[in-house]
Amino acid sequence: MKRRNFITKTSLNTLALGLGINSLANANSKQKTLKLKTSNKPASGPVAICTWEFTQANATAGALLDQGLPALDAVIKGVAVEEENIKNTTVGKGGSPDREGNVTLDACVMDHTGNCGSVMAVENITNVAALARKVMEDTPHVILAGKGAEEFAVQSGFTAEDLLTPETEKAWKEWLKTSDYKPVINIENHDTIGMLGLDKDGNISGACTTSGLAYKMKGRVGDSPVIGSGLFIDNAIGGAAATGMGEEVIKTVGSFLIVELMRNGMSPQEACEEAVSRIVTTNPNHTNFQVAYIAINKEGETGCYCIHPGFKMMKYSNGKNNPIAAGSHLK
């Protein structure tokens, strides 16, 4: 008999002898209750949330979760909807280029086991979230960048294609006339899609993918592919994702911070609010940029919060996919 089982059985027998059969029944009942409370399965069923009002992307992930797909599969397929949407100038193909006219993409993924993968400054590959998963599963590394990541993608069966569309090229050439580089709140041309999924087994995974700041300096990388900043998962606690001015998210390791705050007893909503507070209390320039967070815990509870009003989170639960207007630090 295993030592742990022996100790447990001996303790219960002693309890029965000292307190009687009724006490033993009560002890067994308490054990059953404890097992129910610590069950790995979410109380609310599968849940998918994502940054901004990416309705179809989140609905795709949510439906796949309802079908029983693992969270990582669902969120990667969900964000791919926007990576392939050429009308979206902030993610994937059709994303706005850097100052030299090159579209470079960043992405990361993290699964319920704590494994993660990331790609940075990738050209000519559309589905970079799926590529980040390849890095996680098929290489000894966590991060691949630039030409190395692109070459690995082609070797792994991804199709290389020009990510600059006629529409984004035209907009870039128009921008060159003034080269004015001042983000507009909620229209900052870097509306990352970060997505978190809670599957039927109670496991949480996430993906984050973006083309980054429009007309950024060549080589600029924001928070989206940085594990702990743009995305973080701890399957025992929950997960978080960020969007907005990536430089500010990196400074506070925002997504990791939110998960740690939840570990210490905060709800997802409280944790998102505190993470935003960390930014606004240390940066007096916060009125000039947007940062927003989303979060989910093991029970399927969610939260979202931002600096400026106007940010929305999509939430899929129980077959319904609805936008949720986030509260904001500034009114």
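The values are calculated or read from the model by the stated rules, or taken from the named source; none is laboratory data. The model shown is predicted, which means the values in this text are computed figures rather than measured ones. Here the Cβ positions follow ideal geometry from the backbone for every residue, glycine too, while neighbour counts run over all protein chains shown. The area values use the complete protein model at the heavy-atom level, side chains included, leaving out ligands, DNA and RNA. Shrake-Rupley method; radii C 1.70, N 1.55, O 1.52, S 1.80 Å.
The range 258-282 and the range 125-146 have Cα centres lying 29 Å from one another. Remark: the range 264-274, residue by residue, has Karplus-estimated 3J(HN,Hα) of 8, x, 6, 6, x, 5, 4, 5, 4, 5, 5 Hz, where x stands for each Gly or Pro and the curve is 6.51 cos²θ - 1.76 cosθ + 1.60 at θ = phi - 60°. With a simple spin-label model that places each label point 7 Å from the Cα along the Cα-to-Cβ direction, the separation between residue 217 and residue 86 comes to 3.2 nm.
Neighbours of residue 141, meaning other residues whose beta-carbon lies under 14 angstrom from its beta-carbon, give a summed charge of -1 when Lys and Arg score +1 and Asp and Glu score -1. Note that the range 291-300 has calculated 3J(HN,Hα) couplings of 9, 9, 10, 10, 8, 9, 10, 5, 7, x Hz, one per residue in order, obtained from phi through the Karplus relation 6.51 cos²θ - 1.76 cosθ + 1.60 (θ = phi - 60°); glycine and proline are x. Spin-label model, residue 331 to residue 161: label points 7 Å out along the Cα-to-beta-carbon direction sit 4.8 nm apart.
Taking the highest mean first, how do the peptides 147-159, 60-72, 311-323 order by number of other beta carbon atoms within 10 angstrom per residue?
On the way: 147-159: 15.5, 60-72: 21.6, 311-323: 18.7.
Per-residue mean Cβ counts within 10 Å order the peptides as 60-72, 311-323, 147-159.
Roll a 1.4 angstrom probe over the protein heavy atoms and tell me the percent of accessible area of the range 214-331 that is carbon or sulfur. Don't skip to the end; give the middle numbers.
Details: 2360 of 4490 Å².
Percent of accessible area from carbon and sulfur atoms in the range 214-331: 53.
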